[in-house]
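Each remark here refers to the structure printed beneath this line.
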Amino acid sequence: MKTLETERLILRDWESRDSDDLFAILSNPAVSLSEGASPVESKEKSNAVLDYMIRKKNGYAIELKSTGSVIGGIGLNEDAKGDKTARNLGFYLAEEYWNRGLMTEALTVVIANAKEITDKLSATQYNNPKSEHLLNKMGFQQAGVLRNVKRKIDAEPHDEPYYLLIL
Ligand SMILES: CC(C)(COP(=O)(O)OP(=O)(O)OC[C@H]1O[C@@H](n2cnc3c(N)ncnc32)[C@H](O)[C@@H]1OP(=O)(O)O)[C@@H](O)C(=O)NCCC(=O)NCCS
């Protein structure tokens, strides 16, 4: 992906040196459970995720300029409904950096540059009012419902809202 920059952040491709930072983020249940995934238990597992992201180049590592550490990620992956003209926007940040406007800052520049990659962005969230707030703030509108979704941590399937942003 093209490297993007904001006042406080550099958004860039994932690199193998991000291994420790990614493990610290994904092993925190507060981050993983909000995304419907279990916390990553071992470095081996987060390294497998990292290898995949390095290969796929479907998103950004979020690097904090002031420390040089990676504090989160933004993914532009396959659309949940299989729409080939859309990319699914996913995002997460290390808990100690929440509520400082950092994801707003990151998403604003990613969305401003997404037209080079896709015609529209989609997103989903479940029981996540903060994520819902951010999606609405970025201009996403609910465009349907995904039926019978079963995220990794769910015992039972549920319906969840599906959002679109035409670029
Ligand atoms: C969701 C997440 C990425 C937000 O990152 P962040 O940097 O804290 O977000 P920002 O500070 O830019 O913006 C947060 C906004 O949510 C609002 N907010 C905070 N808590 C909220 C809540 N419980 N309900 C609704 N809105 C909330 C804030 O007021 C702010 O909005 P404003 O700027 O309009 O006032 C981060 O909390 C996270 O990584 N959570 C765990 C993973 C996750 O949930 N990912 C989304 C999966 S769908």
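Annotations for the structure displayed:
- Only one entry of E78, E116, E96 meets the criterion of being surrounded by fewer than 13 Cβ atoms within 10 Å (Cβ to Cβ) and over 22 Å from A30 (Cβ atoms), and that entry is E116.
- Where D21 falls short, out of the listed (1) touching a residue at least 12 places away in the same chain (Cβ under 8 Å); (2) under 25 Å from I166 (Cβ atoms): (2)
- Contact map, the stretch 98-115: first residue on the phi < 0 side of the Ramachandran plot, second residue surrounded by fewer than 17 Cβ atoms within 10 Å (Cβ to Cβ) and in a helix (DSSP H, G or I), Cβ cut-off under 8 Å, separation 6 or more or different chains; pairs are T104/K137.
- Note on the stretch 120-150: residues that are at pLDDT below 95 and over 15 Å from the mean Cα position of the chain (by Cα) amount to 4.
- When the stretch 95-131 is filtered for residues that are of a type in the set (G, A, S) and within 9 Å of the ligand (Cβ to nearest atom), the ones remaining, listed by number, are G101, A106, A123, S131.
- Among residues of the stretch 55-68 being exposed (fewer than 15 other Cβ atoms within 10 Å of the Cβ) and not hydroxyl-bearing (S, T, Y), the one that is farthest from A114 (Cα to Cα) is G68.
- Within the stretch 39-51, residues that are in contact (Cβ under 8 Å) with a residue 12 or more places away in the chain and under 17 Å from K152 (Cα atoms) have Cβ atoms under 8 Å from residues that are surrounded by 12 or more Cβ atoms within 10 Å (Cβ to Cβ) and of a type in the set (G, A, S) in these pairs: P39/S27; P39/S32; V40/S27; V40/S32; V40/S46; E41/S27; S46/S19; S46/S27, counting only partners at least 6 apart in sequence or on another chain.
- Residue within the stretch 147-155 that is surrounded by 14 or more Cβ atoms within 10 Å (Cβ to Cβ) and farther than 14 Å from E35 by Cβ present: no
The values are calculated or read from the model by the stated rules, or taken from the named source; none is laboratory data. Keep in mind the model is a prediction, meaning the values are calculated, not measured. Cβ sites come from the backbone with ideal geometry, for glycine too, and all protein chains shown count toward neighbours.
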